[in-house]
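The values are calculated or read from the model by the stated rules, or taken from the named source; none is laboratory data. Predicted model only: the values in this text are computed from it and were never measured. Positions of Cβ are backbone-derived with ideal geometry, glycine not excepted, and every protein chain shown enters the neighbour counts. Protein only, heavy atoms only, side chains kept; ligands, DNA and RNA dropped before computing areas. Shrake-Rupley method; radii C 1.70, N 1.55, O 1.52, S 1.80 Å.
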Amino acid sequence: MKKRKAAALLAVSFLVIAQLTGCGSGGGSSVSAASSEAKASSAKASDSKGDAIKVGILYSTTGDWSISETPMQNAAQMAVEEINEAGGIDGKQIEAVVSDYGSDPAMAAEKAQEMILKDGVCAIVGTNTSATREAVVPIIEQYDSLLIYNTFYEGGTPSPNVLYTNTSPSQQIKDYIPWIMKNLGTKIFFVGTDYEFPRVSIEYAKKLVEENGGEICGEEYTTTDATDFSSVINKIKQADPDVVFSVVAGNSIVPFYKQYTQYGMDPAKVPICSTAAHEGAVSGAGDSAIGTYSSFGYFNTIDTEANKEFVSNYVEEFGTDTTVTNSAEAAYHGVYLLKEAIEAAGGSLTSEDIVNAAAGLEWDTPAGTLKMDESNHNTWLHSYIGKVNEDLQFDIVYESDGLVEPEPELE
């Protein structure tokens with residue numbers, strides 16, 4: 001299975017490279033032709049006299065990451081509908097170009113290229129995993145487009161063509177580890193899905209554990225499509241930790257949480273503290289999630305009128321509040337950020353003008369008034385820790401004192 005996926009990814013990668021470099025024979029696109037087409041699309045997207053502003057919405061509603069990305073697509077589309085109903089962006093309606101990339105990074109790159117060259121979008125709101133973002137960003141940069149990225153991520157050097165609307169590790173973990181060690185225990189077992197975000201997050205968390213005098217008693221990684229966690233849980237039992245720090249992500253969260261209790265672990269005694277288990281995953285895990293913790297920049301239980309209205313509107317349109325996740329809210333406020341930045345740029349739809357206008361911009365969201373950093377393209381956010389109660393909702397047990405500065409480039 002892994003070999004077939006790798007082969008498919010390699011094949012698509014060669015296809016994309018061939019399209020961009022003109023390596024194909026008889027009718028293959030050259031760099032100059034592709035650049036000309038991109039410029040034409042950019043000019044079309046930037047035409048202030050057009051009837052609509054085209055924006056790509058690129059998420060997976062199928063595949064290994066659908067549990068996380070379907071709510072993001074829902075929320076992004078809801079934001080577009082609200083903006084259009086309120087008069088659009090400077091009187092122009094947003095035309096959403098929506099596509100599902102099936103949790104496949106190579107397909108996401110193809111879809112992004114198609115949105116830019118064929119559909120003429122001025123920006124793409126979307127993608128989820130680190131692998132998908134990294135597959136799409138070269139396309140975004142190649143054609144000087146813009147990506148609004150809405151998922152909590154591992155940080156790193158920001159792309160000049162990306163605006164990041166969710167947490168970096170400093171906002172999600174920096175307060176989390178000291179809180180865990182003060183309130184839950186100092187002997188910690190780490191488990192994560194085997195890709196960049198979990199590995200970088202765990203390395204950062206381990207450093208904080210060591211700095212605070214804690215003990216690391218284990219570290220395990222699983223595949224992105226993992227459904228059997230029996231061996232990992234046996235290793236956790238043998239290590240006898242106080243806490244399991246989990247960066248198991250995507251659809252795998254549900255079987256991990258369920259098997260954790262099925263195989264005899266008790267979250268009330270040895271809690272799971274996650275940086276990936278959102279409301280949708282908790283709902284899927286059911287009672288097995290009770291007593292577990294998560295850390296995010298938003299929970300749907302935040303007690304403000306703006307958030308209550310957002311959740312109510314989402315439920316009215318999509319039927320349940322269990323999928324109003326932090327990433328869904330970040331997709332929602334990401335669309336509003338794009339609106340505010342375009343208006344601040346005087347209606348310009350070029351990526352450079354939008355990014356420059358976004359620097360230092362403050363805008364109201366269900367998560368409160370947020371701010372885009374003036375230099376690193378990341379959003380200043382609150383830091384929250386939530387504990388899952390018997391209603392499978394997060395009780396907020398910790399909140400940062402104001403917005404937390406993003407530090408995407410970890411030392």
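Filtering the stretch 150-163 for residues that are surrounded by fewer than 24 Cβ atoms within 10 Å (Cβ to Cβ) and part of a helix (DSSP H, G or I) leaves an empty set.
Among the residues of the stretch 334-358, just one is small (Gly, Ala, Ser), in contact (Cβ under 8 Å) with a residue 12 or more places away in the chain and open to solvent by 40 Å² or more (accessible area, probe 1.4 Å), namely Ala344. Looking at the structure I just gave you, is Phe256 over 21 Å from Thr186 (Cβ atoms), open to solvent by less than 20 Å² (accessible area, probe 1.4 Å) and aromatic (Phe, Trp, Tyr)? Yes.
Scanning the stretch 359-376 for residues that are in contact (Cβ under 8 Å) with a residue 40 or more places away in the chain, open to solvent by less than 60 Å² (accessible area, probe 1.4 Å) and either acidic (Asp, Glu) or over 24 Å from Asn74 (Cα atoms) (or both) yields one hit, Asn376.
Residues in the stretch 39-74 that are in a helix (DSSP H, G or I), modelled with pLDDT under 50 and among the polar types (S, T, N, Q): Ser41, Ser42, Ser46. Against the conditions (1) in a helix (DSSP H, G or I); (2) in contact (Cβ under 8 Å) with a residue 12 or more places away in the chain; (3) open to solvent by 10 Å² or more (accessible area, probe 1.4 Å); (4) within 20 Å of Pro271 (Cα to Cα), Ala135 satisfies every one except (4).
In the condition set (1) within 28 Å of Pro71 (Cβ to Cβ); (2) of a type in the set (Val, Ile, Thr); (3) buried (at least 20 other Cβ atoms within 10 Å of the Cβ), Thr227 is compliant with all but (3). Inspect all residues belonging to the stretch 99-109 and state whether any of them is at pLDDT 95 or above, open to solvent by less than 20 Å² (accessible area, probe 1.4 Å) and out of contact with any strand residue (DSSP E or B) (no Cβ under 8 Å at 6 or more places or on another chain). Yes: one or more hits. Checking each residue in the stretch 164-197 for being among the aromatic types (Phe, Trp, Tyr), assigned to a strand (DSSP E or B) and either out of contact with any Cys (no Cβ under 7 Å at 6 or more places or on another chain) or at positive phi (or both) picks out Tyr164, Phe190. Just the residues that are assigned to a strand (DSSP E or B) and within 28 Å of Gly102 (Cβ to Cβ), please, taken from the stretch 198-247. Within the stretch 198-247, Glu220, Tyr221, Thr222, Ser246, Val247 qualify.
Counting residues in the stretch 323-333 that are open to solvent by 30 Å² or more (accessible area, probe 1.4 Å), over 30 Å from Glu211 (Cβ atoms), polar (S, T, N, Q) and within 17 Å of the chain's Cα centre (by Cα) gives one or more.
Screening the candidates Ala281, Ala276, Ala285 for the property of being part of a loop (DSSP other than H, G, I, E, B), closer than 29 Å to Thr261 by Cα, out of contact with any Pro (no Cβ under 6 Å at 6 or more places or on another chain) and not hydroxyl-bearing (Ser, Thr, Tyr) yields one hit, Ala276. Within the stretch 347-404, the only residue that satisfies the criterion of being in contact with a His (Cβ under 8 Å, 6 or more places away or on another chain), assigned to a loop (DSSP other than H, G, I, E, B) and within 19 Å of Ala277 (Cβ to Cβ) is Ala367. If you check every pair at least six apart or on different chains, which have Cβ atoms under 8 Å apart with a residue in the stretch 153-176 that is of a type in the set (Lys, Arg) first and a residue that is not in a loop (DSSP other than H, G, I, E, B) second? As it stands, the answer is Lys174/Leu208; Lys174/Val404, since those pairs meet every condition given.
When the residues of the stretch 299-313 are narrowed to those that are in a loop (DSSP other than H, G, I, E, B) and buried (at least 24 other Cβ atoms within 10 Å of the Cβ), which ends up farthest from the chain's Cα centre (by Cα)? The residue in question is Asn300. Residue pairs whose Cβ atoms lie under 9 Å apart, sitting 6 or more positions apart in sequence or on different chains, and linking a residue in the stretch 191-207 that is more than 16 Å from Ser252 (Cα to Cα) to a partner that is open to solvent by 10 Å² or more (accessible area, probe 1.4 Å) and basic (Lys, Arg), are Tyr204/Lys174.
Scanning the stretch 281-298 for residues that are more than 18 Å from Tyr176 (Cα to Cα) and open to solvent by less than 10 Å² (accessible area, probe 1.4 Å) yields a count of 4.
Scanning the stretch 180-193 finds no residues that are at pLDDT below 95 and open to solvent by less than 10 Å² (accessible area, probe 1.4 Å). Within this structure, Thr157 passes the test of being hydroxyl-bearing (Ser, Thr, Tyr) and touching a Pro at 6+ places or on another chain (Cβ under 8 Å). For the residues Gln77, Gln93, the requirement of being assigned to a helix (DSSP H, G or I), over 27 Å from Val200 (Cα atoms), modelled with pLDDT of 95 or more and not hydrophobic (A, V, I, L, M, F, W, C) singles out Gln77.
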